[in-house]
Amino acid sequence: MDWAQVFASRQSRMKASEIRELLKLLDQPNIISFAGGIPDPALFPTEAFSDAFADVFSTAEGQQALQYSVSEGFKPLREWLAGQMGEIGIPCDIDNILITSGSQQALDYLGKLFLSPNDTALVTWPTYMGALGAFNAYEPHYDRLDPASNRTADDYRDTAAANGGAVKFAYASVDFANPTGMTMNRRERQGLLDLSEALDIPFIEDAAYQSLRYDGEPQPSVLAMEIEKRGTIEDCRTIYCGSFSKTLAPGLRVGWVVAAKEVIQRLVLIKQAADLHSASLNQIAINRVARATFGKQVELIRKTYKSRRDHMLAALEREMPDNVSWTRPEGGMFIWVTLPQDIDGADLLAESLKTEKFAFVPGRAFYADSANGNGIRLSFSCALPDQIDEGIGRLGRLIRQATTKT
């Protein structure tokens, strides 16, 4: 069987995740890895989940947890989420919320909902590689979304038309973005809304890291800003994607989308065709644990990750050559390091795995055009102080050696 001849054209746009491949390195005891953007499993509320799962099967919920359910999601969980959204300036009801199998599924559904082949998605440069992976299957073009740009809506439209389609949405993570760790200020967020309005397109707000602020001035959600202006979520174009993966348990794959009901109703149809509904047992357990421990859990994560971020920033200050710069995130899990222009992150990683046994994510995969190679992403979420000191020391040595060679 010649499988290549029957694969859909979209298959050629699907590529292996560099992060998924790098995660395999975590099983090698001699590798220090700052590659995987994953939570520290030592912080998972395992006891709370153990109690939650046990309680589910000691009550009538046990049968419900093993049965088919509604596509929109477990009602008590959506009720709790509606309350949480209200606390951050997003008043809504449960019909504005869809539970998804992680926020990654939400991005896939949104790509399916909006993108036809040759349409254009606006994304930041760099952007979350998982978003590119989700959107790629729908065969779009990409254009650069830059809050500091003075490009006009007509320029975006003309570029999209020249590529054979239309601009369909803008996508960004505005809080502690993956991969840079950077946060947009209120003016920049308003600029994204203004551009979306001028283009008459949705804005997809990826809020996966929003709870993980360690210092600095909290910024309002883009959806909250739009509701403040328009009065109701039903008149808003912003689509908010949230996740429990960074706060409670990534392995349970529970995320959510908040948007106008017309959008949620369309996404429900997509979910019914894809997987009927997210796992009932996981939703019920998340609901129990979130109600019991969410605030306490977030505070524990913030305290721990803040300390690790500070330690990594101090190590970078101490170990990096003068021709290297890096971001100073106010939250999240990531620091973005910019190397000298003539050093490619992928080449540096290959050399590192051979000589220094140190892993990070090369930056090219985070660019829609794969053009920028001199950035790397470091994750501090699972890094202990001794590992940070040793790993950043190895990175500094690598960069100096590479600079000497060039």
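The values are calculated or read from the model by the stated rules, or taken from the named source; none is laboratory data. Only a predicted model underlies this, so the values are computations on that prediction, with no experimental measurement involved. Neighbour counts are summed over all protein chains in view; Cβ atoms, including those assigned to glycine, are modelled from backbone coordinates with ideal geometry. Ligands, DNA and RNA are stripped out before the accessible areas are found, and what is left, the full protein with its side chains, is counted by its heavy atoms. Shrake-Rupley method; radii C 1.70, N 1.55, O 1.52, S 1.80 Å.
Which residue pairs have Cβ atoms under 6 Å apart, sit 6 or more places apart or on different chains, and have a first residue in the range 291-302 that is closer than 18 Å to PRO41 by Cβ and in contact (Cβ under 8 Å) with a residue 12 or more places away in the chain and a second that is among the aromatic types (Phe, Trp, Tyr) and surrounded by 14 or more Cβ atoms within 10 Å (Cβ to Cβ)?
ARG302/TYR214
Only residues that are open to solvent by less than 60 Å² (accessible area, probe 1.4 Å) and under 22 Å from PHE244 (Cα atoms): list them for the range 293-328, please.
Result: THR293, PHE294, GLY295, GLN297, VAL298, ILE301, THR304, TYR305, ARG308, ARG309.
Is it the case that SER173 is touching a strand residue (DSSP E or B) at 6+ places or on another chain (Cβ under 6 Å), within 26 Å of SER245 (Cβ to Cβ) and either open to solvent by 50 Å² or more (accessible area, probe 1.4 Å) or at pLDDT 95 or above (or both)?
Taking the combined requirement at face value, the residue satisfies it.
Taking ALA148 and the conditions (1) at pLDDT below 95; (2) touching a strand residue (DSSP E or B) at 6+ places or on another chain (Cβ under 9 Å); (3) not β-branched (Val, Ile, Thr), which numbered condition does it fall short on, given that it satisfies the others?
Of everything listed in (1) at pLDDT below 95; (2) touching a strand residue (DSSP E or B) at 6+ places or on another chain (Cβ under 9 Å); (3) not β-branched (Val, Ile, Thr), ALA148 misses just condition (2).
Checking ARG288 against (1) open to solvent by less than 10 Å² (accessible area, probe 1.4 Å); (2) in a helix (DSSP H, G or I); (3) over 30 Å from ASN372 (Cβ atoms): exactly one of these is not met. Which one?
In the conditions (1) open to solvent by less than 10 Å² (accessible area, probe 1.4 Å); (2) in a helix (DSSP H, G or I); (3) over 30 Å from ASN372 (Cβ atoms), ARG288 misses (1) alone.
Return the total of residues in the range 350-383 being open to solvent by 20 Å² or more (accessible area, probe 1.4 Å) and assigned to a helix (DSSP H, G or I).
7
Quickly run through the range 86-103 and pick out the residues that are of a type in the set (Gly, Ala, Ser), touching a residue at least 60 places away in the same chain (Cβ under 8 Å) and farther than 19 Å from LYS246 by Cα.
Narrowing the range 86-103 to residues of a type in the set (Gly, Ala, Ser): 86, 89, 101-103.
With the extra rule that they be touching a residue at least 60 places away in the same chain (Cβ under 8 Å), the set shrinks to 89, 101-103.
Matches in the range 86-103: GLY89 only.
Could you give every pair whose Cβ atoms fall below 6 Å, whose first residue belongs to the range 71-85 and is in contact (Cβ under 8 Å) with a residue 24 or more places away in the chain, and whose second residue is of a type in the set (Asp, Glu) and surrounded by 15 or more Cβ atoms within 10 Å (Cβ to Cβ), counting only separations of at least 6 or pairs across chains?
From residues that are in contact (Cβ under 8 Å) with a residue 24 or more places away in the chain, there are no pairs.
Filter the range 250-276 for residues that are surrounded by fewer than 21 Cβ atoms within 10 Å (Cβ to Cβ) and not in a helix (DSSP H, G or I) and give the result.
ARG253, ALA260, ASP275, LEU276 - these are the residues of the range 250-276 that are surrounded by fewer than 21 Cβ atoms within 10 Å (Cβ to Cβ) and not in a helix (DSSP H, G or I).
Only one residue in ASP347, ASP342, ASP386 is surrounded by fewer than 19 Cβ atoms within 10 Å (Cβ to Cβ) and assigned to a loop (DSSP other than H, G, I, E, B). Which one?
Of the residues listed, the single one that is surrounded by fewer than 19 Cβ atoms within 10 Å (Cβ to Cβ) and assigned to a loop (DSSP other than H, G, I, E, B) is ASP342.
Working only within the range 218-229, note down all residues that are open to solvent by 50 Å² or more (accessible area, probe 1.4 Å) and in a helix (DSSP H, G or I).
GLU228, LYS229
Here's a check for you: in the range 87-113, which residue that is of a type in the set (D, E, K, R) and outside any loop (DSSP other than H, G, I, E, B) is surrounded by the most Cβ atoms within 10 Å (Cβ to Cβ)?
Pass one, the range 87-113, residues of a type in the set (D, E, K, R): 87, 93, 95, 108, 112.
Now restrict to residues that are outside any loop (DSSP other than H, G, I, E, B): 87, 95, 108, 112.
Working: GLU87: 8, ASP95: 14, ASP108: 22, LYS112: 17.
Taking the candidates together, the pick is ASP108.
Would you please name the residue that is nearest to THR124 (Cα to Cα), looking only at residues in the range 176-215 that are open to solvent by 20 Å² or more (accessible area, probe 1.4 Å) and among the acidic types (Asp, Glu)?
Across the range 176-215, the extreme among qualifying residues is GLU188.
Residue check, ASP215 against (1) of a type in the set (Asp, Glu); (2) in contact with a helix residue (DSSP H, G or I) (Cβ under 9 Å, 6 or more places away or on another chain); (3) not in a loop (DSSP other than H, G, I, E, B), all met but one. Which one?
Every listed condition holds for ASP215 apart from (3).
Please identify the pairs in which a residue from the range 161-183 that is farther than 30 Å from TRP326 by Cα has its Cβ atom under 6 Å from the Cβ atom of a residue that is among the aromatic types (Phe, Trp, Tyr), counting only partners at least 6 apart or on another chain.
Note: pairs meeting the criteria are VAL167/TYR156; LYS168/PHE114.
Can you go through SER116, SER149 and tell me which one is closer than 24 Å to PHE7 by Cβ, outside any strand (DSSP E or B), free of Cβ contacts under 8 Å to residues at least 60 places away in the same chain and small (Gly, Ala, Ser)?
Details: SER149 fails: closer than 24 Å to PHE7 by Cβ.
Being closer than 24 Å to PHE7 by Cβ, outside any strand (DSSP E or B), free of Cβ contacts under 8 Å to residues at least 60 places away in the same chain and small (Gly, Ala, Ser) holds for just one of SER116, SER149, which is SER116.
Can you report the number of residues in the range 1-57 which are within 27 Å of THR293 (Cβ to Cβ), at pLDDT 90 or above and either not in a loop (DSSP other than H, G, I, E, B) or not aliphatic (A, V, I, L, M) (or both)?
The qualifying residues number 19.
Within the range 149-158, is there a residue that is within 13 Å of PHE366 (Cβ to Cβ) and polar (S, T, N, Q)? Walk me through it before giving the result.
From the range 149-158, those within 13 Å of PHE366 (Cβ to Cβ) are none; that's our starting set.
Within the range 149-158, none of the residues are within 13 Å of PHE366 (Cβ to Cβ) and polar (S, T, N, Q).
Please determine whether any residue of the range 230-244 is under 20 Å from the mean Cα position of the chain (by Cα) and in a helix (DSSP H, G or I).
No; the residues of the range 230-244 include none that is under 20 Å from the mean Cα position of the chain (by Cα) and in a helix (DSSP H, G or I).
Consider LYS246 against the criteria (1) more than 22 Å from ILE94 (Cβ to Cβ); (2) free of Cβ contacts under 8 Å to residues at least 40 places away in the same chain: it satisfies all of them except one. Which criterion is unmet?
For LYS246, the failing item is (2).
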